[in-house]
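Reading through the structure tokens given below for one structure.
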Amino acid sequence: MPQHCQRGRATFVFLWTIVAALVLCCASPAVADDRPLPDCAVKLDAGGGFEQFRGKVLYVDFWASWCGPCLLSFPFMNDLQSAYGPRGLQVVAVDMDEKPADAAAFLAKHPVGFAVAAGPNAPCATAFGVATMPTSFLVDRNGRIRSAHAGFKPGDVDGLRAEVESLLAEKSGS
Amino acid sequence: MLVAAALILGAAGCEPVQPWERGDLAKPQMVLEPDPANSALRAHTFAAREAAQGGNAGVGGGCGCN
């Protein structure tokens with residue numbers, strides 16, 4: 001085989017390896033985690049904090065009104081709450097807006113059926129380890145963070161639902 | 001004294017911006033390219049006239065959301 005052909009094939013393989021690596025690393029942004037829910041105070045609009053949901057599976061989402069992917073995730077979180085709420089799921093959206101009025105205007109435009117913690121909640125975001133906006137965390141019935149999910153794309157929905165279902169199937173204390 | 005003041009003020013630029021502190025950066029008026037289509041057209045015209053292209057790339061602002 002001519003040498004230039006071999007070089008061409010090597011370049012081809014190298015480039016496809018990079019493409020495959022990028023696809024693999026970006027296709028599953030959910031990262032397994034296992035640590036207790038950080039001891040940080042959030043003030044839910046309905047009163048109280050995380051403690052009132054003891055024994056439930058929590059989907060904790062850090063969002064802000066200016067964040068486009070956060071807006072995309074809101075209909076999904078509404079669906080999640082209505083579909084799995086009766087089985088023990090609680091969605092908690094933790095607002096990270098620096099100006100509370102921005103969040104209030106956003107929520108007036110996009111009504112939600114889940115719990116919202118008014119912002120800003122910077123100490124809590126630091127304690128959870130929020131690396132990008134939005135970031136969501138799935139917490140099991142025993143109060144342990146089981147996975148972290150950076151960003152939101154419509155293609156993530158099926159994976160997240162499967163994770164929620166598997167956590168709901170677990171019994172408290174197991 | 002001036003050098004110390006400059007160093008202290010400059011050090012403020014080393015403070016990392018947290019993901020949730022990008023609200024102002026996400027505003028439409030913070031976009032470096034307010035009209036990407038028009039800029040692309042201008043770049044194309046420039047490349048055609050000058051017989052040269054590239055060198056006009058730069059990093060942008062934005063919310064850094066995922």
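Computed from the coordinates by the stated procedures, all read-outs in this text should not be read as laboratory data. Since the structure is predicted, the reported quantities are computational estimates derived from the model, not experimental observations. So basically every Cβ, Gly included, is an ideal-geometry build from the backbone, and we count neighbours across all protein chains shown.
Quick notes on this one:
- Going by neighbour counts of Cβ atoms within 10 Å, the residues B:ILE8, A:ILE145 line up, fewest first, as B:ILE8, A:ILE145.
- Under Karplus coefficients 6.51, -1.76 and 1.60, residue-wise ³J(HN,Hα) of region A:57-66 in Hz, glycine/proline x: 7, 10, 10, 9, 10, 9, 9, 8, 5, 8
- Sum of side-chain charges, A:GLU98 neighbourhood, beta-carbon under 13 Å (Lys, Arg +1; Asp, Glu -1): -2
- Here the convex hull built on the C-alpha positions of the protein assembly as shown has a volume of 244 cubic angstrom per residue.
- Amide H contacts under 5 Å for A:VAL116: A:ASP45, A:ALA46, A:ALA93, restricted to partners 5 or more places along the chain or on a different chain, H placed in the peptide plane at 1.01 Å from N.
- Between the helical axis of B:36-50 and the longest alpha-carbon principal axis of chain B there is an angle of about 60 degrees.
- 3J(HN,Hα) from dihedral phi, region A:89-105, Karplus parametrisation 6.51/-1.76/1.60, rounded to Hz, x for glycine, proline: 9, 10, 8, 10, 9, 9, 6, 10, 5, 6, 10, x, 4, 4, 5, 4, 5
- In sequence order, calculated HN-Hα J values of region A:121-134 (Karplus, 6.51, -1.76, 1.60; Hz; x Gly/Pro): 10, 4, x, 5, 5, 5, 5, 6, x, 6, 9, 7, 10, x
- Radius 15 Å from Cβ of A:PHE152, net charge of other residues (Lys, Arg +1; Asp, Glu -1): -3
- The angle between the Cα long axis of helix B:2-11 and the main principal axis of chain B comes to about 70°, on a 0 to 90 degree scale.
- Cβ charges +1 (Lys, Arg) and -1 (Asp, Glu), total dipole of the protein assembly as shown, debye: 500 debye
- Estimated D of chain B in µm² per second, where Rh is the Kirkwood radius over Cα pairs and Stokes-Einstein applies at 25 °C, 0.890 mPa s: 161 µm²/s
- From its DSSP helices (H runs of at least four residues, each -39,500 (n - 2.57)), the protein assembly as shown gives a residue-normalised ellipticity at 222 nm of -13000 deg cm²/dmol.
- Cleavage-rule hits (trypsin sites (Lys or Arg not before Pro)) in region A:92-162: DSSP loop, at most 11 neighbouring Cβ within 10 angstrom: none
- Degrees between helix A:3-27 axis and first principal axis of chain A (Cα, 0 to 90, nearest 10): 10 degrees
- Scaling the Cα radius of gyration of region A:38-117 by the globular reference 2.2 N^0.38 Å produces a ratio of 1.06.
- Straight-line reach from A:LYS56: taking Cα to Cα under 19 Å and skipping same-chain neighbours fewer than 8 places apart, the lysines in range are A:LYS43, A:LYS171.
- Here's the picture: charge each Lys and Arg Cβ at +1 and each Asp and Glu Cβ at -1 in the protein assembly as shown, and of A:PRO154, A:ALA93, A:VAL57 the one pushed furthest to the positive end of that dipole is A:PRO154.
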